[in-house]
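Structure record follows, encoded as structure tokens.
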Amino acid sequence: MSRSKTELSVTERLIIQLVIYRTKNPKHPTFFGDNKNIAKCVDVQPDTVRKAIAKLVKLEYLQLGYDKQGRRHMVYTGKEFAPIIENMNNIDKKSLRDDKEYYEREAQYSAHELELAKIRIETLERENTSLQSKLFQAELRVKQLENIFTAQGCTKEQIDMMIGQMMDVQAAA
């Protein structure tokens, strides 16, 4: 791990990158942001910014100066550090575009598969409802047949024995 990664916190590296970003323009070579402004940009408390800037000046990442009105300004000294957000200028744009298109196609395919799955679920639910209805009707018919046999004087055991004999005959066929 490089020395700059160990001696600088994430907040400190963000502050350096903010100063670099704000001083890119040759017309504005220094950064005049106060601690409140910087804190809002990097989402920390102004006191945290004050301590971080003091550390960055001590470690010679930033250089402080004051103008005629007494306003503090900062300049990045050029000392190397490990940035949090890399420069994307050297990234191959074509490969990024190809990746984007691939993932868009995958998302479209997944959306299509999801629609097909929803249709399949609806079909299975309809089939399930139909089968439950048929099962209910079959159970009702069996109960009616049992009632007919018991009305004719058959016992439950005799009905079970007749069913067993019918199953044996069907299995033999």
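Taken together, the values in this text are just the output of simple stated rules run on the coordinates, not laboratory data. A quick note: this is a predicted structure, and the numbers were derived from the prediction, not measured. All Cβ positions, even for glycine, are placed from backbone atoms using ideal geometry, and neighbour counts span all protein chains on display.
I'd like to compare 18-28, 114-124, 35-45: which one has the highest average count of other Cβ atoms within 10 Å, and what's the full order after that?
Result, highest mean Cβ count within 10 Å first: 35-45, 18-28, 114-124.
Which whole-angstrom value gives the distance between the alpha carbon centres of the stretch 6-46 and the stretch 115-173? Distance between centres, Cα-based: 78 Å. Protection proxy ranking for 10-16, 70-76, 103-109, using the average of other Cβ atoms within 10 Å per residue and placing the highest first: 10-16, 70-76, 103-109. FRET efficiency for residue 165 and residue 126, Cβ-Cβ distance as r, R0 = 35 Å, nearest 0.05? Calculated value: 0.40. Among the listed pairs 40/93; 27/94; 24/51; 27/79; 24/94; 51/100, give every one whose C-alpha distance is greater than 30 Å. From 40/93; 27/94; 24/51; 27/79; 24/94; 51/100, over 30 Å: 40/93; 27/94; 51/100.
For the peptides 136-143, 47-54, the ranking by packing is 47-54, 136-143, with the highest mean count of neighbouring Cβ atoms within 10 Å listed first. Evaluated at q = 0.08, 0.14, 0.15 Å⁻¹, the base-10 log of the normalised Debye intensity for the chain, with identical point scatterers placed on the Cα atoms, takes the values -0.56, -0.90, -0.94. For the chain, the longest principal axis of the Cα atoms and the long axis of helix 46-58 meet at an angle of about 50 degrees.
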